[in-house]
Amino acid sequence: MTPMDMLSFAVQNNQGMAVIEKLMDLQERWQKTEARKQFDAAMSRVHVPVVYKNRQVDFTSAKGRTNYVYEDLAEISKTVRPALAEHGLSFRFQTVQRTADEVTVICRIAHESGHFEENSLTAKLDVSGNKNHIQAIGSTVTFLERYTL
């Protein structure tokens with residue numbers, strides 16, 4: 001008998017509001033537990049293919065030459081999204097800026113059942129190169145989105 005069955009039984013038998021409220025709380029806890037189990041099961045089945053490095057950085061500055069390849073956010077998303085969606089999972093980002101010189105990005109992985117988990121990173125704005133303030137924010141946000149995902 002599920003908590004919902006017990007709740008239906010209580011309502012049919014004119015149980016008091018205190019009993020009904022306790023059963024409703026029990027039902028909510030049961031649903032959250034079931035959603036977490038479904039999330040965990042889905043995450044255990046996800047197989048993310050290799051994310052290919054599709055961008056190159058190559059420049060010389062006073063500090064010397066910088067040369068490397070990396071995966072941009074579009075490539076990561078293109079690779080990860082189908083692997084998650086196959087198991088009822090999705091992702092989205094939230095950005096928080098509490099000070100003028102740093103930003104936090106929160107990546108939420110959610111299951112269709114309602115359970116979700118979050119991962120966040122905070123960093124100082126990337127003011128390297130000739131970026132204006134808005135570009136520094138955008139660069140930092142994109143970097144943090146890549147790494148939180």
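The values are calculated or read from the model by the stated rules, or taken from the named source; none is laboratory data. Predicted model only: the values in this text are computed from it and were never measured. Cβ coordinates were reconstructed from backbone atoms using ideal geometry, including for glycine residues, and neighbour counts include every protein chain displayed. Protein only, heavy atoms only, side chains kept; ligands, DNA and RNA dropped before computing areas. Shrake-Rupley method; radii C 1.70, N 1.55, O 1.52, S 1.80 Å.
All conditions but one from (1) under 20 Å from residue 74 (Cβ atoms); (2) under 13 Å from the mean Cα position of the chain (by Cα); (3) charged (D, E, K, R) apply to residue 126; the one that does not is (2). Cβ separations smaller than 8 Å between residues 6+ apart or across chains give the following pairs from segment 50-76 residues that are within 19 Å of residue 144 (Cβ to Cβ) to residues that are among the aromatic types (Phe, Trp, Tyr): 53/70; 55/70; 57/68; 57/70; 71/52; 75/52. Note down all Cβ pairs under 6 Å where the first residue falls in segment 104-122 and is over 14 Å from residue 41 (Cα atoms) and among the small types (Gly, Ala, Ser), the second is modelled with pLDDT of 95 or more and open to solvent by less than 40 Å² (accessible area, probe 1.4 Å), and they're at least six residues apart or on different chains. Final answer for the pair search is 120/104; 120/106. Right, residue 77: modelled with pLDDT under 95 and open to solvent by less than 80 Å² (accessible area, probe 1.4 Å) or not? Here the answer is no, as residue 77 does not meet what is asked.
Answer with yes or no whether residue 90 is without any contact (Cβ under 8 Å) to a residue 60 or more places away in the chain, open to solvent by 60 Å² or more (accessible area, probe 1.4 Å), closer than 27 Å to residue 38 by Cα and polar (S, T, N, Q). No, not satisfied. Looking at 8, 113, can you tell me which residue is part of a loop (DSSP other than H, G, I, E, B), open to solvent by less than 80 Å² (accessible area, probe 1.4 Å) and over 23 Å from residue 142 (Cβ atoms)? Going through 8, 113 in turn, just one is part of a loop (DSSP other than H, G, I, E, B), open to solvent by less than 80 Å² (accessible area, probe 1.4 Å) and over 23 Å from residue 142 (Cβ atoms): 113.
Summed over segment 31-68, residues that are assigned to a helix (DSSP H, G or I) and surrounded by 10 or more Cβ atoms within 10 Å (Cβ to Cβ) total 14.
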